[in-house]
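These notes are about the structure you will find just below.
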Amino acid sequence: MSYGLEEEIKQLSKEKAALRRQIEKLKEKMEALRLELAEIRERLDDENDRYNVLKEHAAGLKEERSRTSSKLKEIRERLAELRRISRSLQMSMGPERAAELEDDIAKLEWELQTKPGTEIDEKKVMGSLTRLSRELASWKKAYRVKSEMEILTRRVKTLGNKYYEVKSELDSVYDELAVRREHIRKLLGAKKQLIEEMRGLKDDIRELEDRLVRVEADIRARRLQVREEHEDKRRKEEERILAEKRERALERLKHNEPLSWDDLKVLYSPDGT
């Protein structure tokens, strides 16, 4: 019986050692996964920070694009209005004609101021002066319209270039945001997978530790059983020896042989002591 228990204890001890090695190995793997998870979380924080910076930059560019588009619309509407005015004025004369008109007007005004009414046809001069003044005023207005149109045309070109520069930069930022989103998506997937793996590993460790507790309890129980068997065997052996001694003492007593102190103890003491 004892031999079988010793064999069981030996096998259980081997299992105990194997379980401890497995648990230690799984705990080392768990620690490696924890470090990997910490690294992924750090990378996620970095990617999220970059994503938020890009998102803010994109919002600023969208606002700038909107302002530029509104300004372009406003200027183009003004240009359309100026073109309608320009067509109605039909300015065909150049600066030289304007100078001639100013000279003619100055001469007529001088005549009105210096010559007596008998020498000039005042009504005719006034009529010419009015016509020339209107023509000059029309030319000046057309010139102002033309100048403003030229300024606004240059402004449209400048703003148009700016609009497409902002749009191009915004498109690049959107592309970068898409890349960052993909990075974040993959990191989140890796994080989820690690957490699931760690959860499964934790369950495995717990299961092995529970098994280790049971094996250690079995070892203790069997060792106790072995000790009890050894104790029972020792007790029985002592009882057998005591019985033999008592039997020999009785034989000597029966034959009136002298008894030793040990003989007296085994005959008159329950435990022979």
Taking region 214-273 and keeping residues in contact with a helix residue (DSSP H, G or I) (Cβ under 9 Å, 6 or more places away or on another chain) and within 30 Å of A18 (Cβ to Cβ) leaves V215, E216, D218, I219, R222, R223, Q225, V226, E229, H230
Look at R223 and say whether it is exposed (fewer than 11 other Cβ atoms within 10 Å of the Cβ), farther than 22 Å from I40 by Cβ and modelled with pLDDT of 80 or more.
no
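Okay, residues lined up against (1) more than 37 Å from the chain's Cα centre (by Cα); (2) in contact (Cβ under 8 Å) with a residue 40 or more places away in the chain; (3) part of a helix (DSSP H, G or I); (4) under 30 Å from E196 (Cβ atoms):
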site	(1), (2), (3), (4)
G4	yes, no, yes, no
N48	no, yes, yes, yes
N52	no, no, yes, yes
A59	no, no, yes, no
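Among the residues of region 153-183 satisfying the criterion of being among the small types (G, A, S) and free of Cβ contacts under 8 Å to residues at least 60 places away in the same chain, which is farthest from E63 (Cα to Cα)?
Kept after step one, since they are among the small types (G, A, S), are these residues of region 153-183: 160, 168, 172, 178.
With the extra rule that they be free of Cβ contacts under 8 Å to residues at least 60 places away in the same chain, the set shrinks to 168, 172, 178.
Working: S168: 14, S172: 16, A178: 20 Å.
The extreme case among them is A178.
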What's the number of the condition S147 fails, among (1) over 60 Å from the mean Cα position of the chain (by Cα); (2) at pLDDT 75 or above?
(1)
Which of the residues that make up region 226-271 are over 24 Å from E8 (Cβ atoms) and β-branched (V, I, T)?
I241, V266
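The values are calculated or read from the model by the stated rules, or taken from the named source; none is laboratory data. Please read all numbers here as calculations on a predicted model, not as lab measurements. Cβ atoms come from the backbone with ideal geometry, glycine included; neighbour counts cover every protein chain shown.
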